[in-house]
Amino acid sequence: MREVDYITKKMKKQKRIALIAHDNRKKDLIEWVRENKGKLGRHFLCGTGTTASLISDMVKLPVHAYKSGPLGGDQQIGARIAEGDIDFLIFFWDPLEAQPHDPDVKALLRIAVLYDIPVATNRSTADFLLTSSLMDGEYERRIIDFSKRMDRGIN
């Protein structure tokens, strides 16, 4: 791999964090946000419809709300990741319940990996990410430039 295969993107000290939870995990996410309110309050928060509203109402943190996940919210957040407007994804998903918007969820997770943002899909990972020393400063992400690799026939 050559250095030209990467695009660097600086993540600022104040992270832009997306918060998402499937219906059966909303209570868990709200509890996690409440327990981490002090740390999360230093960052810009956004989320899908109901989740964002519940966090704003119950935890009293400002959370920019996109549409509900099944109504396009997952895709809106994916687009913000692709545009460089979201740095971090906390997504408490329900692995035991089929979702009508599963293809959207898969696309969102694919975009998060493609653009090299930290992703937590459970409480343990969210705890590790939030308590990382990297949360306190700027961070240079190295995003693979797949278009250059495809031009050379490398995937």
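Principal-axis analysis of the Cα atoms of the chain puts helix 73-82 at an angle of about 40° to the longest axis.
Net length available on complete extension from His64 to Ile144 is 25.9 nm, with 0.36 nm assigned per residue and the Cα-Cα distance removed. Shape class of the range 30-89 from the alpha-carbon gyration tensor: oblate, with a/c at 1.5 or above and b/c at least as large as a/b.
Amide H contacts of Ala120 (H built 1.01 Å from N, in plane; Pro and chain starts excluded): Leu89, Ile90, Phe91 sit under 5 Å, all sequence-distant by 5 or more or on other chains.
In the chain, the C-alpha radius of gyration followed by the widest Cα-Cα span (Dmax) gives 15.8, 51 angstrom. Select from Asp28, Asp87, Asp145 the residue whose mean-square fluctuation is largest in a Gaussian network model of the chain (Cα-Cα springs shorter than 10 Å). Among Asp28, Asp87, Asp145, the largest GNM mean-square fluctuation belongs to Asp145. Its Cα centre serving as origin, the chain has a Cβ charge dipole (Lys and Arg +1, Asp and Glu -1) of approximately 420 debye. Solvent-accessible surface of the range 19-93, taken per residue with a 1.4 Å probe and all protein chains present: 44 Å². Which pairs in the list Lys37/Lys106; Lys37/Lys67; Lys12/Lys106; Lys13/Lys67; Lys37/Lys60 are over 18 Å apart, alpha-carbon to alpha-carbon? Checking Cα-Cα distances, Lys37/Lys106; Lys37/Lys67; Lys12/Lys106; Lys13/Lys67 exceed 18 Å. Candidates Pro103, Phe128, Ile7 compared by Cα position along the dipole of the chain: farthest toward the positive end lies Ile7, with charges placed on Cβ.
Angle of helix 102-114 to the longest C-alpha principal axis of the chain, folded into 0 to 90 degrees and rounded to 10: 50°.
The HN-Hα couplings worked out from phi for the range 53-67 by the Karplus form 6.51 cos²θ - 1.76 cosθ + 1.60 (θ = phi - 60°) are 5, 5, 5, 4, 6, 8, 9, 6, 10, x, 9, 5, 9, 9, 5 Hz, whole numbers, x standing for Gly and Pro. Measuring with a 1.4 angstrom probe and ignoring ligands and nucleic acids, Arg25 comes out at about 50 Å² accessible.
The values are calculated or read from the model by the stated rules, or taken from the named source; none is laboratory data. Everything quoted here is computed from the prediction, not taken from an experiment. Here the Cβ is made from the backbone with ideal geometry for all residues, glycine too, and neighbour counts use every protein chain on show. Please note that ligands, DNA and RNA were not included when accessible areas were found on the heavy atoms of the full protein model with its side chains. Shrake-Rupley method; radii C 1.70, N 1.55, O 1.52, S 1.80 Å.
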